[in-house]
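Have a look at the structure below before the remarks.
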Amino acid sequence: MSWSTTADAPAATGPLADAHAQLDGAIGHLGYDGGIRQMLATPRRELMVSVPLRRDDGSIAVYSGYRVQHNFSRGPAKGGLRYAPSVDLDEVRALAMWMTWKCALVDVPYGGAKGGVAIDVREHSTPELERVTRRYISEILPIIGPEVDIPAPDIGTDERTMAWIMDTYSAAVGHTVPGVVTGKPVSLGGSLGRASATSRGVANIALMAMSSRGMSPERTTAAVQGFGKVGRDAARFLSAAGVTVRAVSDIDGAVYDHRGLDIARLSAHVDLTGSVVGFEGTEAIDAASILTLDVDVVVPAAIEGVLTAQNAGKVQARIVVEGANGPTTKEADAILRDRDVLVVPDILANAGGVVVSYFEWVQANQAYQWSERDVNDRLEERMTRAWHDVVDYAGAHDLSYREAATVLAVQRVTEAHKLRGLYP
Ligand code: NAD
């Protein structure tokens, strides 16, 4: 176990460099001083752990695990837990910082955090993943809790992972603590509507963005990158709203149907085969081309850094709605802006997940379950308010939506920090 409270030399490229550049832009716009910048650029707490696993064949493997708590000024830290081979400290730092901005932007009383284990879930059995989860949580147990830091699902983790976390934490403290995680199964105190909340928010925001550009859903086409927890339901909600979803992709490939994909049938195919690839009646296309297809709206909903200086000039869509965190690099952002492509930033577009995570935490703390309709109405209200906050600020100050969203968030976090004061 190693603890760190100071930032290393800043990364030159990658998600952390992009996150720092966004922060610097907001600090410059707001005229804040270097001390505030340093405070916001530096995670409050970072924990790196080794996660040893006894594999099913008796051999031992050791994985690297991380939990970064970026900021607590507005409340307990909150953020997902990612299982992917590419997870490293800088990625987790960037994702934790974006969580701080996201929570502030949609005005939920949390700071930001993120966790990860550098592991390929597809190479492991369910019992192995359970052992990895329980060991990782045991290692980070001193710094999580319902009033400290509350994990949630992200890439490679799901409600089953959250159930193991809740159980491991509860066993350690000696009583059941549903509020230690969100994104739990409903039967364990999860919120109705949480599983599809991120996607519902992505679709809501996409529809508002389309409307702001005078586009009607029935005459709009879309492509979705990633068909996991976010991409799958985002495609479903967009399709249900009348949008023609022509293409979707996952890590194995991409499928295309000019007339629009039948998302329900595609979902059944994915449940059966584990991939979108081979879906009957569709054309297999190059997965990398999904972002540059001839469609009106593109929803990257997989990983970060996929829209780059190399492909941003080829994007044909008029709107990019960031379902994923950090899918657009700094260079791509500038190119898309020059080309008048509207980019709806991650901290706004995919905030539906943390909004309903907050509702789940509130319900867990009150031991009272809201109806799904209640959850969805409150979600829509928050997303709509955040959308208008960003659009109004961007318009008033001639900023991109990402710049405006980051400025609003940085302003709110800084205000909380100043009101609390610096201790001692
Ligand atoms: P997931 O693991 O459920 O799904 C990820 C999807 O992306 C899968 O279809 C996978 O095959 C695909 N994918 C993975 N690597 C890829 C690659 N290199 N190229 C193309 N496709 C690839 O994950 P998720 O929860 O849907 O998360 C997706 C993104 O949304 C992440 O950026 C995550 O941080 C963000 N996000 C998730 C939530 C949430 O509530 N789950 C909330 C906010 C943001």
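Quick check: anything in the stretch 203-226 open to solvent by less than 30 Å² (accessible area, probe 1.4 Å) and of a type in the set (Lys, Arg)?
no
Inspect all residues belonging to the stretch 176-184 and state whether any of them is out of contact with any helix residue (DSSP H, G or I) (no Cβ under 8 Å at 6 or more places or on another chain) and closer than 22 Å to residue 47 by Cβ.
no
Of all residues being of a type in the set (A, V, I, L, M) and farther than 10 Å from residue 414 by Cβ in the stretch 16-40, which is most open to solvent (accessible area, probe 1.4 Å)? Just the residue, please.
Among those residues, the one meeting the criterion is 21.
Name the residues in the stretch 264-278 that are of a type in the set (Val, Ile, Thr) and surrounded by 15 or more Cβ atoms within 10 Å (Cβ to Cβ), would you?
Residues satisfying the conditions are 270, 276, 277.
Conditions (1) within 16 Å of the ligand (Cβ to nearest atom); (2) open to solvent by less than 10 Å² (accessible area, probe 1.4 Å); (3) touching a Phe, Trp or Tyr at 6+ places or on another chain (Cβ under 6 Å); (4) not in a helix (DSSP H, G or I), marked per residue:
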position: 353; (1), (2), (3), (4): yes, yes, no, no
position: 375; (1), (2), (3), (4): yes, yes, yes, no
position: 380; (1), (2), (3), (4): no, no, no, no
position: 383; (1), (2), (3), (4): yes, yes, no, no
position: 392; (1), (2), (3), (4): no, no, no, no
position: 405; (1), (2), (3), (4): yes, yes, no, no
position: 413; (1), (2), (3), (4): no, yes, no, no
position: 423; (1), (2), (3), (4): no, no, no, yes
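Which residue out of 238, 261 is touching a Lys or Arg at 6+ places or on another chain (Cβ under 8 Å), buried (at least 18 other Cβ atoms within 10 Å of the Cβ) and either among the aliphatic types (A, V, I, L, M) or over 23 Å from residue 350 (Cα atoms) (or both)?
None of the others qualify; the one that does is 261.
Can you tell me which residue is most open to solvent (accessible area, probe 1.4 Å) among those in the stretch 184-202 that are over 14 Å from the mean Cα position of the chain (by Cα) and within 16 Å of the ligand (Cβ to nearest atom)?
Within the stretch 184-202, the match that is most open to solvent (accessible area, probe 1.4 Å) is 186.
For the stretch 135-157, how many residues meet the condition of being surrounded by fewer than 17 Cβ atoms within 10 Å (Cβ to Cβ) and of a type in the set (D, E, K, R)?
Matching residues across the stretch 135-157 total 1.
Here's the yes/no breakdown for (1) assigned by TED's automatic domain parsing to the domain that holds residue 46; (2) in contact with a Ser or Thr (Cβ under 7 Å, 6 or more places away or on another chain):
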{"position": "113", "(1), (2)": "yes, no"}
{"position": "130", "(1), (2)": "yes, no"}
{"position": "133", "(1), (2)": "yes, yes"}
{"position": "137", "(1), (2)": "yes, yes"}
{"position": "144", "(1), (2)": "yes, no"}
{"position": "149", "(1), (2)": "yes, no"}
{"position": "159", "(1), (2)": "yes, no"}
{"position": "167", "(1), (2)": "yes, no"}
{"position": "186", "(1), (2)": "no, no"}
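Working only within the stretch 279-292, note down all residues that are open to solvent by less than 60 Å² (accessible area, probe 1.4 Å) and part of a loop (DSSP other than H, G, I, E, B).
279, 282
Would you check which residues across the stretch 297-321 are charged (D, E, K, R) and closer than 11 Å to residue 342 by Cα and list them?
Within the stretch 297-321, just 318 meets the criteria.
Would the stretch 311-328 turn up any residue that is open to solvent by less than 40 Å² (accessible area, probe 1.4 Å), over 22 Å from residue 154 (Cβ atoms), modelled with pLDDT of 95 or more and of a type in the set (S, T, N, Q)?
Yes, some residue in the stretch 311-328 is open to solvent by less than 40 Å² (accessible area, probe 1.4 Å), over 22 Å from residue 154 (Cβ atoms), modelled with pLDDT of 95 or more and of a type in the set (S, T, N, Q).
Please determine, by comparing only the residues of the stretch 293-307 that are open to solvent by 30 Å² or more (accessible area, probe 1.4 Å) and more than 13 Å from the ligand (Cβ to nearest atom), which one is nearest to the chain's Cα centre (by Cα).
296
State the number of residues belonging to the stretch 335-351 that are part of a loop (DSSP other than H, G, I, E, B), more than 10 Å from the ligand (Cβ to nearest atom) and buried (at least 24 other Cβ atoms within 10 Å of the Cβ).
1
Given the conditions (1) under 22 Å from the mean Cα position of the chain (by Cα); (2) under 14 Å from residue 298 (Cβ atoms); (3) not basic (Lys, Arg), report the number of the one that residue 239 does not fulfil.
The one condition residue 239 does not meet is (2).
Between residues in the stretch 261-275 that are within 13 Å of residue 245 (Cα to Cα) and residues that are open to solvent by less than 60 Å² (accessible area, probe 1.4 Å) and among the polar types (S, T, N, Q), which pairs lie under 7 Å by C-beta distance while being six or more apart or on different chains?
The qualifying pairs are 261/282; 263/239.
The values are calculated or read from the model by the stated rules, or taken from the named source; none is laboratory data. Everything quoted here is computed from the prediction, not taken from an experiment. Cβ atoms come from the backbone with ideal geometry, glycine included; neighbour counts cover every protein chain shown. Note: areas computed on protein heavy atoms with side chains; ligands, DNA, RNA excluded. Shrake-Rupley method; radii C 1.70, N 1.55, O 1.52, S 1.80 Å.
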